[in-house]
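Note sheet for the following structure.
The values are calculated or read from the model by the stated rules, or taken from the named source; none is laboratory data. Everything numeric in this text was worked out from a predicted model, so none of it was measured. Here the Cβ positions follow ideal geometry from the backbone for every residue, glycine too, while neighbour counts run over all protein chains shown. Areas reflect the complete protein model, heavy atoms only, side chains present, ligands, DNA and RNA absent. Shrake-Rupley method; radii C 1.70, N 1.55, O 1.52, S 1.80 Å.
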Amino acid sequence: QVQLVESGGGLVQAGGSLRLSCAASGSIFSINRMEWYRQAPGQQHELVAAITSGGNTNYAESVKGRFTISRDNAKNTVYLQMNSLKPEDTAVYYCSALLRVVAWSTWNDYWGQGTQVTVSS
(Lines give C-alpha, C1' and ligand atoms only; values in the text may rest on other atoms or scores of the structure.)
Protein backbone atom coordinates (compact mmCIF):
# COMPACT_ATOMS: atom_id res chain seq x y z
CA GLN A 1 0.00 0.00 0.00
CA VAL A 2 1.13 3.52 -0.77
CA GLN A 3 0.61 6.36 1.65
CA LEU A 4 1.20 10.09 1.27
CA VAL A 5 1.30 11.98 4.54
CA GLU A 6 1.36 15.77 4.66
CA SER A 7 2.58 17.84 7.57
CA GLY A 8 3.48 21.42 8.38
CA GLY A 9 0.15 23.17 8.10
CA GLY A 10 -1.13 25.57 10.72
CA LEU A 11 -2.17 29.09 11.55
CA VAL A 12 0.06 31.99 10.56
CA GLN A 13 -0.29 35.74 10.25
CA ALA A 14 -0.28 37.44 6.88
CA GLY A 15 3.28 37.94 5.69
CA GLY A 16 4.47 34.86 7.52
CA SER A 17 5.88 31.57 6.25
CA LEU A 18 5.11 27.88 6.47
CA ARG A 19 6.81 24.82 5.06
CA LEU A 20 4.70 21.85 4.06
CA SER A 21 6.10 18.35 3.69
CA CYS A 22 4.63 15.29 2.06
CA ALA A 23 6.28 11.91 2.45
CA ALA A 24 5.34 8.97 0.25
CA SER A 25 5.81 5.53 1.74
CA GLY A 26 5.00 1.92 1.02
CA SER A 27 5.55 -0.16 -2.07
CA ILE A 28 7.00 2.42 -4.47
CA PHE A 29 9.13 1.65 -7.49
CA SER A 30 9.35 5.09 -9.04
CA ILE A 31 7.81 8.55 -8.62
CA ASN A 32 7.30 10.83 -11.57
CA ARG A 33 5.78 14.21 -10.84
CA MET A 34 4.77 15.43 -7.41
CA GLU A 35 2.30 18.23 -6.92
CA TRP A 36 0.62 20.43 -4.37
CA TYR A 37 -3.04 21.34 -4.73
CA ARG A 38 -5.26 23.40 -2.51
CA GLN A 39 -8.97 23.80 -1.97
CA ALA A 40 -10.57 26.69 -0.17
CA PRO A 41 -14.17 26.49 1.09
CA GLY A 42 -16.61 26.85 -1.77
CA GLN A 43 -13.85 26.89 -4.36
CA GLN A 44 -12.48 24.41 -6.85
CA HIS A 45 -9.37 22.35 -6.43
CA GLU A 46 -6.39 24.44 -7.60
CA LEU A 47 -2.96 23.24 -8.71
CA VAL A 48 -0.46 25.26 -6.71
CA ALA A 49 2.89 23.84 -7.79
CA ALA A 50 4.38 20.81 -9.51
CA ILE A 51 7.82 19.27 -9.81
CA THR A 52 9.05 16.48 -12.06
CA SER A 53 11.54 13.78 -11.13
CA GLY A 54 14.17 15.84 -12.93
CA GLY A 55 13.42 18.95 -10.91
CA ASN A 56 11.43 20.98 -13.43
CA THR A 57 8.85 23.12 -11.69
CA ASN A 58 5.76 25.14 -12.47
CA TYR A 59 3.54 27.32 -10.33
CA ALA A 60 0.13 28.88 -10.28
CA GLU A 61 0.33 32.56 -11.14
CA SER A 62 -1.10 33.45 -7.75
CA VAL A 63 1.89 31.96 -5.89
CA LYS A 64 4.80 32.68 -8.22
CA GLY A 65 7.63 34.40 -6.41
CA ARG A 66 6.23 33.45 -3.01
CA PHE A 67 6.10 29.63 -2.99
CA THR A 68 8.87 27.18 -3.79
CA ILE A 69 8.39 23.49 -4.46
CA SER A 70 11.27 21.06 -4.00
CA ARG A 71 11.74 17.34 -3.51
CA ASP A 72 14.12 14.84 -2.01
CA ASN A 73 14.03 11.79 -4.27
CA ALA A 74 15.95 9.66 -1.79
CA LYS A 75 13.25 10.28 0.80
CA ASN A 76 10.28 10.26 -1.61
CA THR A 77 9.33 13.60 -0.12
CA VAL A 78 8.08 16.84 -1.62
CA TYR A 79 8.13 20.20 0.11
CA LEU A 80 6.32 23.49 -0.35
CA GLN A 81 7.98 26.54 1.13
CA MET A 82 5.36 29.27 1.42
CA ASN A 83 6.51 32.83 2.08
CA SER A 84 4.69 36.15 2.20
CA LEU A 85 1.47 34.33 2.94
CA LYS A 86 -1.83 36.08 2.29
CA PRO A 87 -5.30 35.41 3.72
CA GLU A 88 -6.36 34.18 0.28
CA ASP A 89 -3.83 31.34 0.63
CA THR A 90 -6.06 29.86 3.31
CA ALA A 91 -7.09 26.37 2.18
CA VAL A 92 -6.59 22.68 2.70
CA TYR A 93 -3.38 21.71 0.92
CA TYR A 94 -3.04 18.29 -0.64
CA CYS A 95 -0.05 16.57 -2.16
CA SER A 96 -0.24 14.21 -5.07
CA ALA A 97 2.29 11.84 -6.59
CA LEU A 98 2.27 10.07 -9.93
CA LEU A 99 4.05 6.80 -9.28
CA ARG A 100 4.50 3.14 -10.11
CA VAL A 101 4.49 0.45 -7.46
CA VAL A 102 6.50 -1.99 -9.60
CA ALA A 103 8.48 -1.60 -12.81
CA TRP A 104 5.77 -3.09 -15.02
CA SER A 105 2.76 -1.35 -13.47
CA THR A 106 0.94 1.65 -14.85
CA TRP A 107 1.46 5.14 -13.50
CA ASN A 108 -1.22 6.11 -10.99
CA ASP A 109 -1.99 9.19 -8.93
CA TYR A 110 -1.97 8.95 -5.15
CA TRP A 111 -3.17 11.61 -2.75
CA GLY A 112 -2.52 12.66 0.79
CA GLN A 113 -5.21 13.45 3.33
CA GLY A 114 -4.61 17.18 3.30
CA THR A 115 -3.29 19.71 5.78
CA GLN A 116 -5.02 22.94 6.77
CA VAL A 117 -3.27 26.26 6.20
CA THR A 118 -4.95 29.31 7.70
CA VAL A 119 -3.58 32.81 7.17
CA SER A 120 -4.99 35.53 9.39
CA SER A 121 -5.09 39.17 8.35
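Pairing residues of the range 106-121 that are within 17 Å of residue 84 (Cα to Cα) with residues that are open to solvent by less than 80 Å² (accessible area, probe 1.4 Å) and of a type in the set (S, T, N, Q), at Cβ distances under 7 Å and at least 6 apart in sequence or on separate chains, gives 117/90; 118/90; 119/90.
Residues that are within 26 Å of residue 16 (Cβ to Cβ) and among the basic types (Lys, Arg) within the range 76-102 comprise just one, 86. Of the residues in the range 43-55, not one is open to solvent by 70 Å² or more (accessible area, probe 1.4 Å) and under 18 Å from residue 11 (Cβ atoms).
For (1) charged (D, E, K, R); (2) part of a strand (DSSP E or B), each residue gets a yes or a no:
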site	(1), (2)
38	yes, yes
49	no, yes
53	no, no
65	no, no
69	no, yes
79	no, yes
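State whether one or more residues within the range 97-113 are modelled with pLDDT of 95 or more, open to solvent by less than 40 Å² (accessible area, probe 1.4 Å), under 16 Å from residue 5 (Cβ atoms) and under 12 Å from the mean Cα position of the chain (by Cα). Yes.
Tell me the residue from 38, 66 that is of a type in the set (Lys, Arg), without any contact (Cβ under 8 Å) to a residue 60 or more places away in the chain and within 30 Å of residue 121 (Cα to Cα), please. If you could, list the steps in order and put the result at the bottom.
Values: 38 fails: without any contact (Cβ under 8 Å) to a residue 60 or more places away in the chain.
None of the others qualify; the one that does is 66.
Look at the range 77-89: where a residue is under 13 Å from residue 117 (Cα atoms) and a partner is open to solvent by 60 Å² or more (accessible area, probe 1.4 Å) and of a type in the set (Lys, Arg), sitting 6+ places away or on another chain with Cβ atoms under 6 Å, you get 81/19. Out of everything in the range 6-42 that is under 12 Å from residue 78 (Cα atoms) and touching a helix residue (DSSP H, G or I) at 6+ places or on another chain (Cβ under 8 Å), what residue ends up being most open to solvent (accessible area, probe 1.4 Å)? The residue in question is 23. Anything in the range 1-51 that is of a type in the set (Ser, Thr, Tyr) and more than 28 Å from residue 105 (Cβ to Cβ)? List them, or say none. Of everything in the range 1-51, just one residue is of a type in the set (Ser, Thr, Tyr) and more than 28 Å from residue 105 (Cβ to Cβ), namely 17.
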